[in-house]
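The structure appears right after this line, and notes come after that.
The values are calculated or read from the model by the stated rules, or taken from the named source; none is laboratory data. Quantities reported herein were computed from a predicted structural model and do not represent experimental measurements. Positions of Cβ are generated from backbone atoms using ideal geometry, with glycine treated the same way; all protein chains shown enter the neighbour counts. Only protein heavy atoms, including side chains, enter the accessible area calculation; ligands, DNA and RNA are left aside. Shrake-Rupley method; radii C 1.70, N 1.55, O 1.52, S 1.80 Å.
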Amino acid sequence: MEHVYISQVGEHVGKEIKIKGWLYNKRSSGKIAFLIIRDGTGRIQGVMVKKEVEPEVFALAREVTQESSLEVTGVVREDERAPGGYELNLTGMQVVQMAAEYPITPKEHGVEFLMNHRHLWLRSPKQHALMRIRSELVKACRDFFDQQEFVLIDAPILTPAACEGTTTLFETEYFEETAYLSQSGQLYMEAAAMAFGKVYCFGPTFRAEKSKTRRHLMEFWMIEPEVAYLEHEGNMELQEQFISYIVKKVLDNRGEELEILEQDPSKLQKVVPPFPRISYDEAIDILQQQGADISWGDDFGGDDETVLANQFDKPVFIDRFPTDMKAFYMEPDPERPELALANDLLAPDGYGEIIGGSQRIHDPDLLRRRMQEHDLPEDSYQWYLDLRLYGSVPHSGFGMGLERVIAWISGVPHLRETIPFARMLNRLYP
Ligand code: 4AD
Ligand code: MG
């Protein structure tokens, strides 16, 4: 008999098919058993009537435990009331493995318990919705850049030096040397942009941040485009087009998942260019007016970002930060050199910074000076300086944190559910 995935049963109405999956849930009485079966592509209810099957089969249906793996046969029937629109009239069933008592039950479990059972928690409908949205977003990110002739260039993960500052590096032995897990692929993308013009990388990045907030992971995925001859303004336009594109893809293709997550699509439909822009100076004014204890030159805390973002119903750009608080590689504003041509993009609803971007210094002398001011070892960065000696041009790029975007789009409060196996301050298991 033909094995059919649950998502495809609609093409087999009236026919007997086989489904291979796991038991999600069941109810039974003396005469009839309802088995909800999932196979990863969906869920379907199978109805088994005692007098229509062998007695052993009906007995098995009554015994089979939650999450047992099984293969069932049945005839597909259209049923408007059924969740996916179809039901199966079961004709047979084989248990592949009878599952031990499953620890995750419909009752409320604490988050620590669920995170300790993340390997099983991934089977739950809400986690499915989140992972499918994640998968959709990864594809949308790649499609956006691929369609514009960007080249995907993978950055290394083991690196000799810091990109975003030395305080959050994970260190590891590299034979006789010390290596660090990459905080960002940016510096390598700059090399690649000088070779290919428009490039991006997409991979895991690592930050040893001793912060235990809902917005921080130790290992997160970042997509980082870098474009030669692109300046600050154009960089921000690229960001708003990009974010609008990927949000639309989720709206178009993952409506069902948003519904499972009880996320109102009308909020996301507003995410179209142009996004509002405020300068860092204006942001400080707004925060001071709201009574925040912050002065010019300070970085925003999570709460500050929420106050700023709450003024708008779309993501908002914060433009031109003080050079001193930002990374060494940022191009100064020619009109106000105390400011960097750098922006953050803050998501609505308290999700904080989803993008950090900037124009990069292209002048070798200025870059060398900045590296000295930041006490960076010149030999580790020699190659990066080299780029400024051979056809240096203005260039810009940005990094978008995938998990923060998933959290915002999905409306889940904490990043831990947006990545299959979260790495956090107090968690390296499972
Ligand atoms: O602002 P960041 O530090 O920028 C960079 O790393 C640049 N080198 C990127 C570039 O221009 N190519 O980080 C970029 C984004 C942040 O806006 C945020 O979305 C995310 O990465 N991010 C984190 N996400 C989860 N957990 C953390 N600990 C994160 N740190 C940054
Ligand atoms: Mg940043």
So in the stretch 307-319, with the set limited to residues that are in a strand (DSSP E or B) and either touching a residue at least 60 places away in the same chain (Cβ under 8 Å) or not assigned by TED's automatic domain parsing to the domain that holds residue 280 (or both), which one is nearest to residue 375 (Cα to Cα)? 319
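Have a look at 330, 371 and point out the one that is within 16 Å of ligand 2 (Cβ to nearest atom), modelled with pLDDT of 95 or more and over 30 Å from residue 414 (Cα atoms).
330
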Can you say whether residue 243 is open to solvent by less than 40 Å² (accessible area, probe 1.4 Å) and without any contact (Cβ under 8 Å) to a residue 60 or more places away in the chain, as far as the supplied structure shows? no
Taking the stretch 186-210, which residues are touching a helix residue (DSSP H, G or I) at 6+ places or on another chain (Cβ under 9 Å) and not aromatic (Phe, Trp, Tyr)? 187, 190, 191, 198, 199, 201, 207, 208, 209, 210
Of the residues in the stretch 210-246, how many are of a type in the set (Val, Ile, Thr) and within 15 Å of ligand 2 (Cβ to nearest atom)? 2
Scanning the stretch 27-77 residue by residue, those touching a helix residue (DSSP H, G or I) at 6+ places or on another chain (Cβ under 8 Å) and assigned to a strand (DSSP E or B) turn out to be 28, 32, 33, 35, 37, 38, 43, 44, 48, 76
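Filter the stretch 261-291 down to the residues that are among the polar types (S, T, N, Q) and either free of Cβ contacts under 8 Å to residues at least 60 places away in the same chain or not assigned by TED's automatic domain parsing to the domain that holds residue 315 (or both), then identify the one that is most open to solvent (accessible area, probe 1.4 Å).
That would be 289.
Which ones in the stretch 153-174 are open to solvent by 60 Å² or more (accessible area, probe 1.4 Å) and of a type outside the set (Ser, Thr, Tyr)?
154, 157, 158, 160, 164, 170, 171, 173 - these are the residues of the stretch 153-174 that are open to solvent by 60 Å² or more (accessible area, probe 1.4 Å) and of a type outside the set (Ser, Thr, Tyr).
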Would you tally the residues in the stretch 377-406 being of a type outside the set (Val, Ile, Thr) and away from ligand 2 (no atom under 16 Å from the Cβ)? 18
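Check every one of the helices (runs of 4 or more DSSP H) wholly within the stretch 320-413 and list those with 2 or more residues that are touching a residue at least 12 places away in the same chain (Cβ under 8 Å) and under 26 Å from the mean Cα position of the chain (by Cα). So that I can check it myself, show each step before the final result.
On the way: elements: 364-373, 382-386, 402-410.
Ranges flagged: 402-410.
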State all residues of the stretch 167-208 that are among the β-branched types (Val, Ile, Thr) and more than 16 Å from ligand 2 (Cβ to nearest atom); if no residue qualifies, say none. 172, 178, 199
Go through 122, 137, 181 for me and flag whichever is open to solvent by 30 Å² or more (accessible area, probe 1.4 Å), within 21 Å of the chain's Cα centre (by Cα) and within 16 Å of ligand 1 (Cβ to nearest atom). 181
